[in-house]
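Below is one structure, written out as structure tokens; comments come after it.
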Amino acid sequence: MTQEYIRQLARKFLNGTASEEEKQILHDWYDGQNPEVPGVQTVYTNTSENADDVKNRMRSNLKAMQQPVIKKSSFTLIRRLVTWSTAAAAMVIGGFIYWTDSHKAIETSMHVVQAPLGKTLKVTLPDGSSIWLNAGSSLSYPDSFRGKTREVVLREGQAFFDIVHKTEQPFIVHAKTLDITVLGTSFDVKAYENDADIKVTVKTGKVGVKLRDKPETPALMLLPAEQAIVPEKTAKIHVSEISKPAIAPWKDNRLVFEDELLLEVFHALERKYNQHILIEKEDLTNEKITLTLDNQPMTDVLKVLGFSKKFNYSQLNDSTIVIR
């Protein structure tokens with residue numbers, strides 16, 4: 001016997017079609033007299049009450065209904081009480097079945113992946129989508145997407161998303177102050193802690209960008225080769241165009257900067273080469289540069305930058321470079 005069988009008996013009793021034998025089976029199940037019937041299943045709630053607690057509580061309620069003291073009762077009255085007991089059992093069982101169906105929570109395990117400094121990492125999601133994490137980035141995602149949406153969190157850093165299209169189950173990325181929604185497309189999100197701006201860049205498809213603290217505002221839609229820039233201090237979305245070669249070249253071990261602040265270039269070099277860059281010449285931070293780098297040694301990159309932006313550098317120790 002299964003819980004589905006018990007469920008059918010409960011429905012038959014409530015419909016008035018259960019036989020006396022079926023009523024007895026139902027009554028025995030409720031009183032725990034038939035150990036072969038798996039009458040409970042584990043349920044998950046926001047409280048500490050489990051399925052056994054629920055069943056025990058219902059049994060107590062049922063027994064409380066049977067407490068009135070009966071003097072020498074006639075057979076008819078006893079039979080009526082038994083019928084009432086079975087009816088109460090069926091009603092409680094029906095309530096229990098409804099409770100388990102409506103309160104079962106979906107158990108999901110969260111995975112956290114992190115790309116160390118100096119390396120990139122590719123992640124395949126449960127739906128077949130692919131994500132590339134840039135150096136120093138971390139992402140959390142569930143072991144399966146069972147709800148109406150597919151949601152992940154870019155906890156830190158930069159990621160390129162190539163998302164499988166599912167019209168009925170949108171894909172949402174939570175990154176700092178933004179919620180980014182797509183159905184199926186490829187795009188880049190840059191949200192490092194030490195960067196002043198959050199950047200969302202679309203390679204293919206269409207991407208909706210929305211400020212989380214302004215739920216009433218419609219999402220701003222981005223098309224291919226468009227980039228949304230959100231300064232964290234102003235929390236306003238600005239849109240600009242960007243060339244396709246400048247969209248996530250880092251996942252192919254290249255760096256492309258278009259009119260980029262030199263400070264952000266230094267941050268990118270820190271992550272790529274796992275070095276700390278100490279800037280003593282502060283006026284450099286507001287300088288901008290357009291630059292394409294492949295996999296050149298760090299010293300060669302600094303020589304070119306130093307020549308074009310007029311600064312010197314020295315290796316302070318194995319992990320720190322000083323810009324003067």
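Consider ASP252 carefully, then state whether it is closer than 20 Å to TRP132 by Cα and of a type in the set (Asp, Glu). In short, yes. Would you check which residues across the stretch 287-306 are in contact (Cβ under 8 Å) with a residue 12 or more places away in the chain, loosely packed, with under 13 Cβ neighbours inside 10 Å and part of a loop (DSSP other than H, G, I, E, B) and list them? Selection gives ASP294, ASN295. The set of residues in the stretch 173-192 that are part of a loop (DSSP other than H, G, I, E, B) and open to solvent by less than 40 Å² (accessible area, probe 1.4 Å) comprises GLY184, THR185, TYR192. Listed by position, the strands (runs of 3 or more DSSP E) enclosed by the stretch 123-172 that each have at least 1 residues that are hydrophobic (A, V, I, L, M, F, W, C), in contact (Cβ under 8 Å) with a residue 24 or more places away in the chain and under 15 Å from TRP250 (Cα atoms) are 130-133, 150-162.
Exactly one residue out of PRO170, PRO231 is of a type outside the set (A, V, I, L, M, F, W, C), within 24 Å of SER129 (Cα to Cα), touching a strand residue (DSSP E or B) at 6+ places or on another chain (Cβ under 6 Å) and open to solvent by 20 Å² or more (accessible area, probe 1.4 Å): that is PRO170. Within the stretch 307-315, at least one residue is in contact with a helix residue (DSSP H, G or I) (Cβ under 8 Å, 6 or more places away or on another chain), assigned to a strand (DSSP E or B) and open to solvent by 40 Å² or more (accessible area, probe 1.4 Å). Scanning the stretch 226-249 for residues being assigned to a loop (DSSP other than H, G, I, E, B) and free of Cβ contacts under 8 Å to residues at least 24 places away in the same chain gives a total of 3. The single condition among (1) out of contact with any Asp or Glu (no Cβ under 7 Å at 6 or more places or on another chain); (2) open to solvent by 50 Å² or more (accessible area, probe 1.4 Å); (3) closer than 22 Å to ILE289 by Cβ; (4) among the acidic types (Asp, Glu) that GLU241 does not satisfy is (1). The set of residues from the stretch 204-225 being open to solvent by 80 Å² or more (accessible area, probe 1.4 Å) and part of a strand (DSSP E or B) comprises just one member, MET221. Within the stretch 204-229, the set of residues being in contact with an Asp or Glu (Cβ under 9 Å, 6 or more places away or on another chain), over 17 Å from ILE247 (Cβ atoms) and among the aliphatic types (A, V, I, L, M) comprises LEU211, ALA219.
The values are calculated or read from the model by the stated rules, or taken from the named source; none is laboratory data. Given the structure is predicted, the values throughout are model-derived calculations rather than measurements. All Cβ positions, even for glycine, are placed from backbone atoms using ideal geometry, and neighbour counts span all protein chains on display. To get the accessible areas, we keep the full protein, side chains included, count just its heavy atoms, and leave off ligands, DNA and RNA. Shrake-Rupley method; radii C 1.70, N 1.55, O 1.52, S 1.80 Å.
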